1. Say each of residue 64 and residue 46 gets a label point 7 Å from the Cα, pointing the same way as Cα to Cβ; how far apart are those two points in nm?
2. Arrange 92, 56 by Cβ neighbour counts within 10 Å, fewest through most, would you?
3. Give me 76, 36 sorted ascending by neighbouring Cβ count inside 10 Å, so fewest comes first.
4. How far apart, in nm, are two points set 7 Å out from the Cα along the Cα-to-Cβ line at residue 94 and at residue 57?
């Protein structure tokens, strides 16, 4: 049990250092992967709550960096799409950030098309 705590501490330190040295505008994949790993380290968190929390935080962070007038609507569209189509890619041990990023990217395309249409 103590070895598990040591591993958690090492993972937290590595992730914290990585976050401090990284550019301020992280990609969705990086944001989701880091968020998911930190979330799953907490003993009270479940797979579903971590997926939901990280999708929400990273999608809204990504859309906030977008200068569109309707960025809030776009964020809610992407969030709904991501919850329904992308939340099943992560497992307790593997965030699958790249698969989730690709899936959320396809949501982005769907949402942009629906808002661009007259």
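What follows draws every value from the coordinates through simple rules; no lab data is involved. What you see is a predicted model, and the numbers here were worked out from it, not measured in a lab. Backbone-built Cβ (ideal geometry, glycine too); neighbour counts: all protein chains shown.
1. Roughly 2.8 nm, to one decimal.
2. Values: 92 11, 56 15.
Ranked by crowding around the Cβ, least crowded first: 92, 56.
3. Working: 76 14, 36 25.
By the 10 Å Cβ count, ascending, the order reads 76, 36.
4. 2.3 nm
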